[in-house]
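What follows is calculated from the coordinates using simple rules that are stated; it is not laboratory data. Owing to the predicted nature of the structure, the values given are computational and were not obtained by experimental measurement. We place every Cβ from the backbone using ideal geometry, glycine too, and count neighbours over all the protein chains shown.
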Amino acid sequence: MSTKESVMQRNTQSTRVRTLAACGMFAAIAAVLMFIEIPLPIAPSFYKLDFSEVPVMIGTFCYGPIAGIAIEFIKIAVKTVIKGTQTAFVGEFANFLIGCSLVVPAGIIYQWKKTKKSAIIGMATGTIITAIVGCFINAFVLLPTYATAFGMPVEAIVGMGTAINASVTDLATFAILLVAPFNIVKGVLVSFVTFLLYKRISGLVKGAKY
């Protein structure tokens with residue numbers, strides 16, 4: 001192996017190590033942020049806002065959508081190890097899918113063209129996709145699973161939604177009128193914070209710029 005090839009190999013290995021370390025750091029921060037939850041009046045109390053997707057989104061912008069998926073997975077895994085599961089991992093899997101539906105589209109669009117405009121378009125697209133995916137997952141997976149796990153009828157959960165919005169009459173309207181707005185608000189807030197922090201943080205971890 002020539003000296004030039006040896007140097008290139010060392011640089012590649014060093015880059016991989018730095019990337020893995022940064023992704024681990026983003027995942028650890030995200031896992032901690034999952035425990036800081038804020039209830040919103042537009043949804044029942046068991047829906048709480050957290051900003052754990054901010055470090056995941058930043059990591060996705062820095063290293064690409066595959067890295068974003070890995071960070072999201074590690075985040076969920078760490079919280080599960082610390083807190084355990086009450087839904088036989090169904091809730092955790094659903095949260096993983098919803099998180100990926102936000103950061104992956106944003107990461108794909110941003111990787112295509114790394115500009116502020118692309119970042120905004122990517123995060124807006126991710127927010128819309130999250131709202132749609134969240135509706136389906138909540139109506140057909142999460143809410144029925146939670147009802148079974150806590151030994152309560154689905155009608156009781158629907159009733160909690162009706163108390164907030166009288167138009168909620170079943171799981172479908174619950175998801176459309178409560179879950180979708182909640183995920184849109186979360187996506188907008190996560191996107192706004194990411195937009196404010198990304199340039200500074202990415203410059204620290206890898207020298208990236210918009």
- Return the sequence-ordered ³J(HN,Hα) values of the stretch 16-31 in whole Hz as given by the Karplus equation 6.51 cos²θ - 1.76 cosθ + 1.60 applied to θ = phi - 60°, using x for Gly and Pro. 4, 5, 5, 5, 4, 5, 5, 5, x, 5, 4, 5, 5, 4, 4, 4
- Find the Cα radius of gyration of the chain, compare it with 2.2 N^0.38 Å by division, and give the number to two decimals. 1.14
- Message: I want to check the label-to-label distance for Met160 and Gln111. Put each point 7 Å from Cα in the C-beta direction and report it in nm to one decimal.
- Response: 3.7
- Message: Let me spell out the model: positive unit charges on the Cβ of Lys and Arg, negative unit charges on the Cβ of Asp and Glu, origin at the Cα centre of the stretch 54-210. What dipole size does that give, in debye rounded to 20?
- Response: 1060
- Query: Lys/Arg Cβ at +1, Asp/Glu Cβ at -1, dipole of the stretch 3-205 taken about the Cα centre: which of Gly68, Val168, Thr148 is farthest positive-ward?
  - Reply: Gly68
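Taking the number of other C-beta atoms within 10 Å as the exposure measure, put Phe89, Phe51 in order starting with the fewest.
Phe89, Phe51
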- Label point distance in nm, Lys83-Ala21, each placed 7 Å from Cα along Cα→Cβ: 3.0
- Task: Mind ranking 32-38, 76-82, 63-69 by how tightly packed they are, going by the mean number of other C-beta atoms within 10 angstrom, highest first?
- Result: 63-69, 76-82, 32-38
